[in-house]
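One structure is given here, and the rest of the page talks about it.
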């Protein structure tokens, strides 16, 4: 599997996701500078990593979403290529119009870093096949603007289209509880219509080793690897 | 020529910061404040001195970058 | 503003220079300084740069060990951590002196001076460390990072009559940090270092361009010549004086290999940062500043640092306080209630509200998160790691600066031992009041002596540090606060321990001597309302011996949990272990011959709690302790959802947790 990890000024979790992809696929992802106009030939997966691109100035992800490389990412997505945006990457995806909605300041107005439980809403996607439907996983969150908001029609479209990827929940899987940032319907991640673009606030890439918090994040990278391997 | 673009949240969009500011103001005992919505102001210097041209340019700037049209509105003022 | 104005006594005073210090300048350069030169001297000879009040005493600190690669005097200290790697670390302060508080206007709820001490720890290849020392004559000096503005130029100086009519517009601003620019600067510097272009590097901190350039030259026995017309400026019309004193953030100065300028420039342009060649190294040993073709300053570079004033300021020792006999204190409330009250008091309440606002999981190497004795981070793919902690008990330092200084080091040592690390070296941040007052100077002197004695005895040298004096509020000095940041190495991060109780029915052992020391204790202050008494003495030999014993237990895999005892004593340590593991304990036995409140809340030093998996292991450990001459006592067993102490009513974990977790969030929202 060939993955390209886009680096923006202010990216800081690119190394973490590179490590997770390498662990899952055995192949070292390529780092792509945001000023590049093209993706490497044969790219299977594009990752927009976490960080604070452009200092989170203006709006989180706003300036990065207008970077030269984003046109190439857009056309990759249009052709059905896989795109994964994590945290700041999710913010860039909504700012670039690849996913609907916006990510506002956390309801508590504070940056929050902690371990968080998620419910995997569906397992039949390129990103989640290694999980079971409604499986509860524990991953990290670390964001100040993760409060997912969209108008009623958009939320209905996402819900009806079965496009919610993950919801925040407590250890027992109750999505009414454990919502850390005020997101509508406890939404932690969403898919594009064709399920090839995933944006999520939590960090599965930080939960890939038993010694460092746990391994619940591995499934996401294993799923992508399995999907591309089968393709 | 100078211009100002003001970006505000659309009505109905939850504004946690505005809410917090509102709460703080009320806690100071400032009576008569109904609600607070916060936004951003961009003061922009333009090369052109043609108001119509400026309007077009600023509209593009606002829609392309300054405002997120999903949740925000913008207003352009030419300050002369 | 003219560079060649007459230097009046008022102007000298506004620059924080004493008349005798000014005389020293006149003697050194043989003429009246220009205004820019006066500014340069004031920056180099102030307390922050010259350590003129503390230097004499800092000399007594041990700074060497076989694993120390670089001790104090550089940008940061460096120690060898094995496998060709080094750990680089430093503590800095950003304290707000009282005179700024009013202007900042954010002190509606807090009285007192806010101390902000931050410790940065990094990892480098041991053979790829860059220093500030310049080498080679005629090499380019390069300015990197953000532009220079009128940030942080001293208020009194700015408002002086020496300024022209535009002075009002040039009011000083507090320097504003830009973490985004800092991140870009960091990335660009690391990328540039890979090219082999860097000879020397120095960050522009306090007194920015002045101190960074002088340090590079003086360390390398070279002169420096700067052309200020080349310095990237954020504001127009900046004078040489302003540029040399600006404290704008996110700037670096480098000496580059000649011929590598283009390569270096390309990297900085890629990261969107300013890059300018602003001068060169010379063989004259002069610090020459030019602007608009004129020489604005021409000073002997070595003397700017070496000849800075050195004060042996008068000091008095803090009077010794009497010891408190535990039997003489009648507990005002039951011990169970006292535990709940203490665990929910500012000193012991959970700081989760704070650390959840900082990203402590990034890089995927955090083996032990905040909330334990020390953080443990894996180095690269492991198995090596680092144990990191910072500590000080200002209450003790005020009561007895010498013992308090010792205790700060000993506690950092214990924190590292308790997670399974080997203590290696410390960085310190000495936050004190006005050194011109003999009582505050005495606190500084004796704290430093205490630190030094403990560092020597524990083989725990000081490799970097910072001194922040004149911290006071309404004329009253802060509590003496020598913050100690400790770094330890971990051979294998899979063999570290945490404080959490792990399983039901494990045996709890207390290591160390308990005499029920209540003087200056948290219990005496918070529960009995008495801030008095001598603080607990630190037996450094015992610290070392007990530390070695704990290390061996952890290395052999016998300790299932470990926690060091500090303020709050045995009771608080047990409560913290129970809370971390969400598991109670039943204690059958307490240290003998003491009233319960003294056994539970005494703050005797050199102690740890460990759990072991069963009775057989407990017996083995007790035997091992006895033959090592280490006092050890079996207290009881883990289990249940209550903490039960002999003769006290059981405390539910729920009640403890509520008290522990609720205080800080409630305080911050103004509910209490």
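List of remarks:
- As a size descriptor, the averaged projected area of the C-alpha convex hull of chain C was calculated at 29.8 nm².
- Ranked C:215, C:21, criterion: other C-beta atoms within 10 Å, fewest first: C:21, C:215
- When the alpha carbon gyration tensor of chain A is reduced to an equivalent ellipsoid, its three semi-axes come out at 23, 20, 17 angstrom, largest first.
- Other protein chain Cβ atoms within 10 Å, averaged over every residue that makes up C:360-373: 5
- Peptide A:198-208 has a mean shielding of 1, counted as Cβ atoms of other protein chains within 10 Å of each residue's Cβ.
- Counting neighbouring beta carbons within 10 Å and listing from fewest to most, the residues C:340, A:17 come out as C:340, A:17.
- q = 0.15, 0.16 Å⁻¹: log10 I(q)/I(0) that the Debye formula gives for the stretch C:464-516, counting C-alpha atoms only: -0.85, -0.88
- Three-way shape label, the stretch C:9-304, alpha-carbon gyration tensor, a/c 1.5: rounded
- Helix C:438-457 vs. chain C, principal-axis angle (Cα, 0 to 90°, nearest 10): 70
- What separates the Cα centres of the stretch C:548-587 and the stretch C:1-41 is a distance of 59 Å.
- Centre-to-centre separation between the Cα atoms of the stretch C:226-292 and those of the stretch C:631-654: 64 Å.
- Chain C: angle of helix C:179-194 to the longest principal axis, Cα-based, in degrees nearest 10: 80
- Here is how the number arises for the protein assembly as shown: DSSP H runs of 4 or more residues each give -39500 (n - 2.57), the sum is divided by the residue count, and the result at 222 nm is -9000 deg cm²/dmol.
- Cβ crowding within 10 Å, taken as a proxy for footprinting-reagent exposure, orders C:495, A:119 from fewest neighbours to most as C:495, A:119.
- Overall Cα dimensions of the protein assembly as shown, principal axis frame, Å, largest first: 91, 84, 64
- In degrees, nearest ten, helix C:35-44 long axis to first principal axis of chain C (Cα): 20
We did not get these values from a lab; they are worked out from the coordinates using the rules stated. The shown structure was predicted, so the numbers you read here are calculated from the model rather than taken from an experiment. Virtual Cβ from ideal backbone geometry, glycine too; neighbours counted across all protein chains shown.
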